[in-house]
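Colleague: Just dropping this structure here.
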Amino acid sequence: MSAFYLIIKCTASVESCIVVTLIHSGTLLDSTSMDASLKTLFWAASRATNFISFTKLMENIKTIDKDAHAYLAKITPSLWSVHAFDHNVKVDHVINNFTESFNGWLAPQRGKPIVVLVEFIRRKLMTRLQSMYERGLSWEGNLTKRVSDKIVQISRHSRFCTVTMVGLATDFEVIDDGVEYFGNPN
């Protein structure tokens, strides 16, 4: 089997992979152009979350195709394998409720000129901010419902804590379900 090549398009300022495209003999890989097990192993190695599993998968790739292994070994793993990505990056895909909702908002506006699209987004955001503001005006107190519910939950749990003063009323010991905490409220 001939070697396959990995093209990685990265931004200049970020050391993380944006697009991984496999190319086999100068054409995009499709499901029939290479050994399925090699393709499966490559994608498994790119998704490996620790060094040990990555190393095992690379050894398996080496047994199937030495040229492919040699080519991949030349490329810095931080550009194409999850285990070596920057640990400060917390999201590996930008597929979440926010982007899905935003795309749902824009669905009726697709195909319109950019100025119309930006004006639609501006109006939609203004309407949303106004409705959130009006809802906030109806609150009783300074806390949101979620925060006040959390405080009630914590206060119910804290009923079972035992507080003991240590010293001259500056330090306290709190026993919560058998676990001891020491602290100074100041």
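Values quoted throughout were computed directly from the atomic coordinates according to the rules given, and no laboratory measurement underlies them. In this text the structure is predicted, and so the values were computed from the model without any measurement. Virtual Cβ from ideal backbone geometry, glycine too; neighbours counted across all protein chains shown.
Colleague: Mind giving me the FRET efficiency for S78 and N103? R0 is 22 Å, r the Cβ-Cβ distance, nearest 0.05 is fine.
Modeller: It comes out at approximately 0.15.
Colleague: Amide H of A48 versus every other amide H placed in the peptide plane: which residues, excluding those fewer than 5 positions away on the same chain, fall under 5 Å?
Modeller: Excluding prolines and chain starts, which carry no amide H, the hits are V82, H83.
Colleague: In sequence order, what are the phi-derived ³J(HN,Hα) couplings for segment 39-55 according to the Karplus relation 6.51 cos²θ - 1.76 cosθ + 1.60 with θ = phi - 60°, rounded to whole Hz, with x for glycine and proline?
Modeller: In residue order, the calculated couplings are 4, 4, 5, 4, 5, 5, 5, 5, 9, 4, 9, 9, 5, 5, 5, 4, 4 Hz.
Colleague: I want to check the label-to-label distance for V147 and D171. Put each point 7 Å from Cα in the C-beta direction and report it in nm to one decimal.
Modeller: If labels sit at V147 and D171, their model points lie 3.3 nm apart.
Colleague: Show me 121-133, 64-76 ranked by packing, highest mean number of other Cβ atoms within 10 Å first.
Modeller: 64-76, 121-133
Colleague: Which of the peptides 153-161, 169-177, 47-55 is most tightly packed, and how do the rest follow, going by the mean number of other Cβ atoms within 10 Å of each residue?
Modeller: Top of the packing list down: 47-55, 169-177, 153-161.
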